[in-house]
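Beneath this line is the structure, given in structure tokens, with notes to follow.
The values are calculated or read from the model by the stated rules, or taken from the named source; none is laboratory data. The structure presented is a predicted model; accordingly, all values stated were derived computationally and were not measured. No Cβ is skipped: glycine too gets one built from the backbone with ideal geometry, and neighbour counts run over all protein chains shown. For the accessible areas, the whole protein counts, side chains as well, though only heavy atoms, and no ligand, DNA or RNA atoms are used. Shrake-Rupley method; radii C 1.70, N 1.55, O 1.52, S 1.80 Å.
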Amino acid sequence: MSYGLPIPTPPSTPCVVPSADEAHPNGNGYYRLRGTNEYAHRAAYEKEFGPIPEGLVIDHLCRNTACANPQHLEPVTPEVNALRADSPVARNARKGTCDAGHAFGRRANGKRWCPQCSLARRVARGETSGNGPLSQRTHCPQGHPFNEENTRWDRKADGSIKGRRCRACRRIADQKKRGTAAARRAAA
């Protein structure tokens, strides 16, 4: 997927706008063509350049959707048309930095994100101290040390390491679970 498509520079020729009685409610003009009402910009493009290629839509380079000047029209993919627009999605796609001013990074799937803001959110939630990746941390989020006695390694089916857990946190969770079960039995 493309990001940051600029809004095209409008052509220097004037816009051709159909009269008000030839306008759809959405502002696009229409012409009577082939026994049906066709959008003016589509009809003007087809008259000047031939049929619109399959899978493409007409983009108004002048950004005036009522314009039917063929020189102001260009066939593009729907994705390009959306990213050239002035919608919130298109404006965000053109941004080079996050709202805090940090440069975006790219994930393996091609999507962009802000690593600095992501780390700040994780630190605020207590998921990390912000002192490096999980494999380099010396303590769990509750402060228990990751030492040999207190670390449980989770493994994948192929035997490789999936991650690690804090045994002290697991014991506390098990005690809470046993206490809740005992309380339920006593109440019954």
In Hz, Karplus ³J(HN,Hα) per residue of region 59-70 (6.51, -1.76, 1.60; θ = phi - 60°; x = Gly, Pro): 9, 8, 5, 7, 6, 9, 5, 7, 6, 10, 6, x
Accessible surface, 1.4 Å probe, highest first, among residues SER118, SER160: SER160, SER118
Value of Rg/Rh across region 33-85 [Cα atoms, Kirkwood radius]: 0.95
SER87 versus LYS156: modelled label distance in nm, points set 7 Å from Cα along the beta carbon direction: 3.8 nm
³J(HN,Hα), Karplus 6.51/-1.76/1.60, whole Hz, each residue of region 81-89, x for Gly, Pro: 4, 5, 6, 8, 5, 10, 7, x, 4
Relative contact order of region 69-118, pairs being alpha-carbon contacts under 8 Å that are 6 or more residues apart, as %: 18 percent
Positive-end residue of ALA181, SER160, GLY143, charge dipole of region 134-188 with Cβ unit charges: ALA181
